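Visitor: This structure is in structure tokens; I'll ask about it shortly.
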Amino acid sequence: MHIEKEITKTSPGFIIVAETFADIPAREALLDRAMGPKRRKKSSEKLRRGRRPSEGLALIARNADGSVLGTVRLWDVRLGEGGPDALLLGPLAVDPTMKSGGIGSALMRHAIAEAGRLGHGAVLLVGDAPYYARFGFSAEKTGALAMPGPYERDRFLGLELVHGALDGAKGVLKAAGRKLRTERTRIAA
Ligand SMILES: CC(C)(COP(=O)(O)OP(=O)(O)OC[C@H]1O[C@@H](n2cnc3c(N)ncnc32)[C@H](O)[C@@H]1OP(=O)(O)O)[C@@H](O)C(=O)NCCC(=O)NCCS
């Protein structure tokens, strides 16, 4: 689906647009370069496998040539059995040759703004608190929540887009996203 016109954001040297199916090979190669082969073994992967990213929340940073410089996706999850819906963010990655150029921050800010605009209540992620704190993420309200597999508790972070959206949230996160068609499952996350 091509919806670039709707959500294009310009910054010096790159733009942020909706990811398209044609971006997938370049995105996969970028993730291998930025994160290495262990990226597929994360607990977050259990919530992404076989699912499509949340509608409108798979974003790419491109340069003027159209090359993929960065990527972020957000996924629909449920907070515990019968609990409220939320988003799980990840992976976020920037081409290693472009690090510290503001691309990661621009992707994060754009993703958070879009998620809020689309009416989502909260975003969760597993990542480095010193990086994600600048966008408002903290472990303050994730203590009674759990990922479906091993993770480091102090890296399990949340951000409320709607005040109080994580109040009383408890239980194991469950995948709640749209199912991926079979032929695309292998290149899901
Ligand atoms: C983490 C990542 C997405 C940041 O993207 P980026 O475009 O390099 O970051 P930005 O330019 O927006 O921000 C750079 C700032 O973030 C800081 N930063 C980057 N990674 C950090 C981390 N893991 N922890 C704390 N600070 C970090 C930099 O030191 C820099 O600080 P400064 O602004 O004070 O100079 C990118 O480095 C990356 O792809 N890393 C490999 C994959 C990864 O670790 N993904 C996130 C999983 S937690």
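The values are calculated or read from the model by the stated rules, or taken from the named source; none is laboratory data. In this text the structure is predicted, and so the values were computed from the model without any measurement. Glycine also receives a Cβ, built like all others from the backbone with ideal geometry; neighbour counts cover every protein chain displayed. With ligands, DNA and RNA removed, areas are computed over all heavy atoms of the protein, side chains included. Shrake-Rupley method; radii C 1.70, N 1.55, O 1.52, S 1.80 Å.
Visitor: Among the residues of region 116-136, what is the count of those that are touching a Leu at 6+ places or on another chain (Cβ under 6 Å) and under 23 Å from I24 (Cα atoms)?
Guide: Number of matching residues: 1.
Visitor: Restricting attention to region 51-76, which residues are closer than 13 Å to I112 by Cα and either without any contact (Cβ under 8 Å) to a residue 60 or more places away in the chain or of a type in the set (F, W, Y) (or both)?
Guide: Listed by number, the residues that qualify are A58, L59, V72, L74, W75.
Visitor: To continue, here is another question. Can you tell me which of (1) within 14 Å of the ligand (Cβ to nearest atom); (2) open to solvent by 10 Å² or more (accessible area, probe 1.4 Å); (3) at negative phi is the one V172 doesn't meet?
Guide: Single failed check for V172: (1).
Visitor: Still on this structure, please answer the following. With the checklist (1) within 7 Å of the ligand (Cβ to nearest atom); (2) open to solvent by less than 60 Å² (accessible area, probe 1.4 Å) in hand, flag the one item K99 doesn't pass.
Guide: So K99 meets the others, but not (2).
Visitor: Looking for something within 15 Å of the ligand (Cβ to nearest atom), more than 20 Å from R40 (Cβ to Cβ) and either over 11 Å from the mean Cα position of the chain (by Cα) or not hydroxyl-bearing (S, T, Y) (or both) - is there at least one such residue anywhere in region 72-81?
Guide: So far as region 72-81 goes, no, none of its residues is within 15 Å of the ligand (Cβ to nearest atom), more than 20 Å from R40 (Cβ to Cβ) and either over 11 Å from the mean Cα position of the chain (by Cα) or not hydroxyl-bearing (S, T, Y) (or both).
Visitor: Taking region 144-161 as the search range and keeping residues that are in contact with a helix residue (DSSP H, G or I) (Cβ under 8 Å, 6 or more places away or on another chain) and assigned to a loop (DSSP other than H, G, I, E, B), which one is surrounded by the most Cβ atoms within 10 Å (Cβ to Cβ)?
Guide: In this case the residue turns out to be M147.
Visitor: Between residues in region 95-122 that are within 24 Å of A139 (Cβ to Cβ) and residues that are within 16 Å of the ligand (Cβ to nearest atom) and of a type in the set (F, W, Y), which pairs lie under 6 Å by C-beta distance while being six or more apart or on different chains?
Guide: M108/F135
Visitor: Name the single residue that is farthest from the ligand (Cβ to nearest atom) among those in region 108-142 being of a type in the set (S, T, Y) and closer than 20 Å to G70 by Cβ.
Guide: For region 108-142, the residue satisfying everything is Y132.
Visitor: Right, something else. Assess whether M98 counts as being of a type in the set (A, V, I, L, M, F, W, C) and more than 15 Å from the chain's Cα centre (by Cα).
Guide: yes
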